[in-house]
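Everything on this sheet refers to the single structure shown next.
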Amino acid sequence: MPPPCLRLATAGCALAMLFASAAAFQGAWNLPAYELCKAIALPFIDDDASGATYNPVTQSVWVITGSPKYLMEFSERGQMLRKLSWDGFKDPEGLAWMVGYQMAVLEEPTKGGVTVVNVAPGVVNVEERRTKVDLDVPSHTGLEGITYNDKEEVYYVVQEKDPKRIVEVQLNGTYRELFTLENIGVGDLSGVHYASQINKLFVLSQEDKSVMKVTMKGKVVQQRDIAGERPEGIAFTPDGQRMFIVSEPRSMSIYSTNGCDELI
Ligand SMILES: *[C@@H]1O[C@H](CO)[C@@H](O)[C@H](O)[C@H]1NC(C)=O
């Protein structure tokens, strides 16, 4: 950020403001600035790539799939590093990195539930921690994605429709509606990412093949189209310069705000 302009009349100040407005439009967390660098087919699965998250500790992208049920780890360039099978999931819908090697898995059986799993480097089996909580939300409404706010220690879960909304969930399963997104012209909601860096949510719509940047009060401030047949999962690097979109049946699109050279 440039120093504040105390003397608005100076040429230097005008120049600084020009650069500041250009910088605000470019770069990380600004949806129009993301360039599609690569789209890869997810190996080994037939269908149902359901959720994605980025782990800054391992600097890798994790994807959860429903058919077959896998947790897969990828490099930022999209190379598969690990594939873990775990039949403990009934119907995985979303994945959220929490801390260290811990991730939360959102499932949608008759009731929704959140299970915390621990996947340290080198392990080949998913180790489940006994922290499963049930979400007593009617199943027909569809819980589609999860993300974690480590400062507040809450999850945000996205509900597909009836109503389209974001629900805030405590670690013990207590939940409340954060806001609805009913009159914004998209048919459904399918994934969510909380960006603590800007305190905003990125929300996917599968039917509209779009991603929205939304304030914590539910105001849509940006929206853009994205690649993929049926986008279901969204993840970012902590610097906001890479965006990963996972789509059904089985693809991952990798976006960048600072060129594609490092990703090829
Ligand atoms: C769940 O946790 C929240 C936040 O810590 C607390 O306010 C609430 O009373 C807890 N609910 C139950 C049922 O334990």
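The values are calculated or read from the model by the stated rules, or taken from the named source; none is laboratory data. No experiment lies behind these values; they were computed from the predicted model shown. Virtual Cβ from ideal backbone geometry, glycine too; neighbours counted across all protein chains shown.
Tabulated data for the structure shown
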read-out: Those residues of the range 175-208 which are of a type outside the set (Gly, Ala, Ser), buried (at least 19 other Cβ atoms within 10 Å of the Cβ) and closer than 21 Å to residue 62 by Cα, in sequence order; value: 189, 192, 193, 194, 201, 202, 203, 204, 206
read-out: Pick from the range 230-254, criterion of a type in the set (S, T, N, Q) and in contact with a Lys or Arg (Cβ under 9 Å, 6 or more places away or on another chain), ranking: surrounded by the fewest Cβ atoms within 10 Å (Cβ to Cβ); value: 253
read-out: Count of residues meeting criterion [crowded, with 17+ Cβ neighbours inside 10 Å and either out of contact with any strand residue (DSSP E or B) (no Cβ under 8 Å at 6 or more places or on another chain) or not small (Gly, Ala, Ser) (or both)] in the range 209-229; value: 7
read-out: Matching residues, the range 164-205, being within 14 Å of residue 148 (Cα to Cα), more than 16 Å from the ligand (Cβ to nearest atom) and of a type in the set (Gly, Ala, Ser); value: 191, 195, 196
read-out: Any hit, the range 248-258, residues being closer than 27 Å to residue 37 by Cα, within 17 Å of the chain's Cα centre (by Cα) and hydrophobic (A, V, I, L, M, F, W, C); value: yes
read-out: The lone exception for residue 71 - which of (1) modelled with pLDDT of 95 or more; (2) not in a loop (DSSP other than H, G, I, E, B) it fails; value: (1)
read-out: Options 65, 147, 141, 115: the member that is among the hydroxyl-bearing types (Ser, Thr, Tyr) and at pLDDT below 80; value: 141
read-out: Selection status of residue 218, small (Gly, Ala, Ser), more than 24 Å from residue 250 (Cα to Cα) and more than 16 Å from the ligand (Cβ to nearest atom); value: yes
read-out: Which numbered condition residue 209 misses (of (1) within 16 Å of the ligand (Cβ to nearest atom); (2) within 16 Å of the chain's Cα centre (by Cα)); value: (1)
read-out: Of all residues in the range 27-67 being touching a Leu at 6+ places or on another chain (Cβ under 9 Å) and within 21 Å of residue 210 (Cβ to Cβ), the one that is surrounded by the most Cβ atoms within 10 Å (Cβ to Cβ); value: 51
read-out: Residue that is surrounded by fewer than 16 Cβ atoms within 10 Å (Cβ to Cβ), aliphatic (A, V, I, L, M) and at pLDDT below 90, where the choices are 133, 123; value: 123
read-out: Enumeration of residues in the range 139-163 that are more than 16 Å from residue 116 (Cβ to Cβ) and either within 16 Å of the ligand (Cβ to nearest atom) or surrounded by fewer than 19 Cβ atoms within 10 Å (Cβ to Cβ) (or both); value: 139, 140, 141, 151, 152, 161, 162, 163
